[in-house]
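Bear in mind these aren't lab numbers, they're just calculated from the coordinates by the rules spelled out. Everything quoted here is computed from the prediction, not taken from an experiment. Ideal geometry is used to build each Cβ from the backbone, glycine not excepted, and the neighbour counts take in all protein chains shown.
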């Protein structure tokens, strides 16, 4: 696990400081509940095929997270001001109420996963399905991990992602630009605001204290 | 001003450093694009450039990194003003060059992203034309983290100007681009495209670039550019572990210069002081640009394959000659079959894949482009583009993500005139057939002479001898008794000329029984005579035996590790297939055993009518696992594995049917609606429908309503399945249903996905709500049995 800060030393933690957290496949345990739910199996169930897919995927995962810590204010109800962007969203407003700052983050499991999925789609739908579920659970588990790491000792709201409730996916353009999502994480957006690599997450996590 | 290309051969030049950081200290608000200052604060941009020139830098990067027509409406003005700022600063200075700076478009290219290759070329081309008319000394393509986008930018620069082109890519700590390429692969591609200097920038600090510089020095024949960030201050548990300042930076840069870095400068976080100190520290390091390297290599989007001592295997299976199924696949546009052949050969251990799609009744050029694009998304092997039609070659070479192997040029005037310019423009290694206007020479010396002639002509086009791989042609021994001997002698003669060789090995046995025996023996003798590459069938046990044992016997396989691995795989297979003999097709499908199901189906075909196999074995097995799933006694992954197995058996059975006999259960159009990429549910439905014998037109995900509608109309298909997972995309599902019903009220629409339920489905006008995949299959069955 490496943490780094791109612009300056700790004495100089300005609002435009972007931090990174990275991890290898073996550092992150894939959440069992999350995986079981995605596979449609009972918790802890596995078989040869799932293990085969897991092993292959482990060699391809490259976890990266980039995040910032910004002040949060509310000009009026349902409008959240995150300093670099303003969003109108009732659900996010409710989620962030009581927070004075927030982490804004992007995470990805990397491009190699997309290539593997493209390959599996040709050879086996079963392996594609299983690997897709594994990769989704994996990036989610890493996101949980990164959130825990960045918020040590803090009281935080549950992370909230574009696409949840009424928070538009389109806000990902500004969000990713602000955390240098393309440069640091390799994340780009399609015209429908979907992320490539597919196994990527953007989120806002309010800090209460 | 002198041409920078001449100068970098003799002396060290220095790039400037970061832009954003310095401009922020001059008052640029965080989050604002630095390029906007080209118009609002041109004097400060000029001042920035001057400060770098004062520090001793020679090459100024114009403040145009992020400008293109997709990002800024006033892109042309931003570019022109940006160039003017740099030129103003450089005016009257000695040895100061203005580099027009082009960064990435911000979009990922197909197939993983959305931007088409030619669309990317167009975006860059527009910038290049503006820069050229404004007047710059060179073009710098920088901070590229995708090899494919890099190629698009280089082609745009080359096709729209004669300016020198420098390229730097972003490597991460593992020494690879975000999309996978290592330095050897990038150097192979960029040298082939004719750029003037290559290197790295951004992302990592100078310390992490030491090793990369050594790799560049090993592979590159071109001057090497190193423009690192000011390091990455690491923070561990809230403590800053280290931070690189100008003194540390310049210390590393001196080390980089000693290890082969030629043109030095900085990227994010560096300022004029970093550059000034760097110049000071490297002043006593002698300048020596890389020597010309003599590697013969081709590359993919991840790695380079070197043609050297160890034999190179080129998989021949994607070539319709004599292959009925592939011909059928090409005629019916069945890319999946072709991709499968690619993946199977990759798994079998070949190093390069030959791609030949020449059939008289299809559009070869378009099919080749499609295949090359699609293969690049499922295999990381370099491709050998194989066609007798130069236009087909060009179409594929342009789209190819790397340095391709080109099959082929020959010694006829026409071939040389048409193929050599393509290789000169796009790069690539060429297979040169020893045939000319007088035919195939009968003697080995005659063939070596043709090789010599092609090499000389290629040199006139600037193509190096190392990029010519000569194929002295294997003529079948059944009609040419001395065919093998002449070819072997030709290999020896050509190898002695210092030229690499290749052979289509299996030609030797044409017309003889048990061809594998002759082929593998001939291959062994050819390897002993110095053969480098073989175009061959990797599923031939004889050929693979020769390959692995030859390497073990010739000190190319340390500790015989590869051979031992190969031998272990080979002895294991009979033991594994033994219990499969007990397996019935029914059981194989229920258990989800794909290979076994295909084998059982093959066996059953000997005694059972194809339709009976489907109706009495495959469908009942699917029903069994399907109802186990419905009763929650089996899980979704098991259901899918059974469907995979059923599909494999179905494919075998279909081959046993005469064309009219195949039972047509009906067509279904499937798509995940616009705005949604969550297509797992749709894919499950697809694989189950196919396993039940339905023909599925799968349009993928994030699909426009009109595209779905057009497909239903084109195939006269009355049943359409739509999926959506996000609440935000149910509206686009509704829109799609509306359009379908307007177009043809008799179309029935099934919907499914996590956000839906019966009530919701009724509300948006769907005809059927599938709670799970089996549900949907049952509806399709009842729909078509009406």
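Taking a label point 7 Å from the Cα of residue B:738 along the Cα→Cβ vector, which residues of the range B:662-695 have an amide N closer than 18 Å to it? Answer for the range B:662-695: B:673-676. In the distance distribution for chain A, Cα-Cα pairs more than 31 Å apart total 22 percent. Taking Cα atoms, how many degrees apart are the long axis of helix A:125-150 and the longest axis of chain A, rounded to 10 and kept between 0 and 90? With rounding to tens, the tilt is 30 degrees.
Classify the range B:4-281: rounded, prolate or oblate, from the alpha-carbon gyration tensor (a ≥ b ≥ c, eigenvalue square roots; a/c under 1.5 rounded; otherwise prolate if a/b is larger than b/c)? Rounded, since a/c falls under 1.5. Using the Cβ-Cβ distance between residue B:510 and residue B:73 with R0 = 60 Å, the FRET efficiency computed as 1/(1 + (r/R0)^6) comes to roughly 0.40. The orientation-averaged projection of the convex hull spanning the C-alpha atoms of the range B:580-689 amounts to 7.9 square nanometres.
Take every pair of alpha-carbon atoms less than 8 Å apart whose residues are at least six positions apart; their mean separation over the length of chain B yields a relative contact order of 7 percent. What separates the Cα centres of the range B:422-460 and the range B:113-133 is a distance of 35 Å.
Computed over chain A, the per-residue total of -39500 (n - 2.57) for DSSP H runs of n ≥ 4 gives a 222 nm mean residue ellipticity of -10500 deg cm²/dmol, rounded to 500.
Measuring nothing but how far apart in sequence close Cα pairs (under 8 Å, 6+ apart) lie, relative to its length, chain A scores a relative contact order of 25 percent.
What shape does chain B have by the C-alpha gyration tensor, where a ≥ b ≥ c are the square roots of the eigenvalues, rounded means a/c under 1.5, and otherwise prolate means a/b greater than b/c and oblate the rest? Here chain B falls in the oblate category. With neighbours defined as other Cβ atoms within 10 Å of a residue's Cβ, the residues B:179, A:22 order from fewest to most as A:22, B:179. With chain A treated as a Gaussian network of Cα nodes joined by springs under 10 Å, which of A:95, A:69, A:33 yields the largest mean-square fluctuation? The residue that fluctuates most here is A:33. Rounded to the nearest 10 degrees, the inclination of helix B:75-90 to the longest alpha-carbon principal axis of chain B is 30 degrees.
FRET efficiency for the residue B:556 to residue A:85 pair, using the beta carbon distance and R₀ = 60 Å, is estimated at 0.55. In terms of surrounding Cβ atoms within a 10 Å radius of their Cβ, B:772, A:48 rank from fewest to most as A:48, B:772. Of all DSSP beta bridges confined to chain B, the antiparallel ones make up roughly 10%. Figure legend: label point modelled 7 angstrom from the Cα of residue B:348 along Cα→Cβ; residues of the range B:507-536 with amide N under 13 Å from it are B:516, B:535-536. Ranked for footprinting exposure by Cβ neighbours inside 10 Å, fewest first, B:495, B:288 give B:288, B:495. Here residue B:118 and residue B:363 are evaluated by their C-beta separation; at R0 = 22 Å the FRET efficiency comes out at 0.80. Taking the inverse of the mean reciprocal distance over all distinct Cα pairs, the Kirkwood hydrodynamic radius of the protein assembly as shown comes to 30.9 Å. The shape of the range B:664-785 comes out rounded: with a ≥ b ≥ c from the C-alpha gyration tensor, a/c is under 1.5. Angle between the Cα long axis of helix B:246-258 and the longest principal axis of chain B, 0 to 90 degrees, nearest 10? Helix B:246-258 and the main axis of chain B meet at about 70 degrees. Over the residues of chain B, the helix contribution to mean residue ellipticity at 222 nm works out to -14500 deg cm²/dmol, using -39500 (n - 2.57) for each DSSP H run of at least 4. Sequence-distant contacts, meaning Cα pairs under 8 Å at least 6 residues apart, place the relative contact order of the range B:664-785 at 28 percent. Dividing the convex hull volume of the alpha-carbon atoms in the range B:122-281 by its residue count gives 123 Å³ per residue. Taking label points 7 Å from Cα along the Cα-to-Cβ direction, residue A:45 and residue B:162 give a separation of 7.0 nm. Relative to one another, the C-alpha centroids of the range A:172-189 and the range A:79-129 are positioned 11 Å apart.
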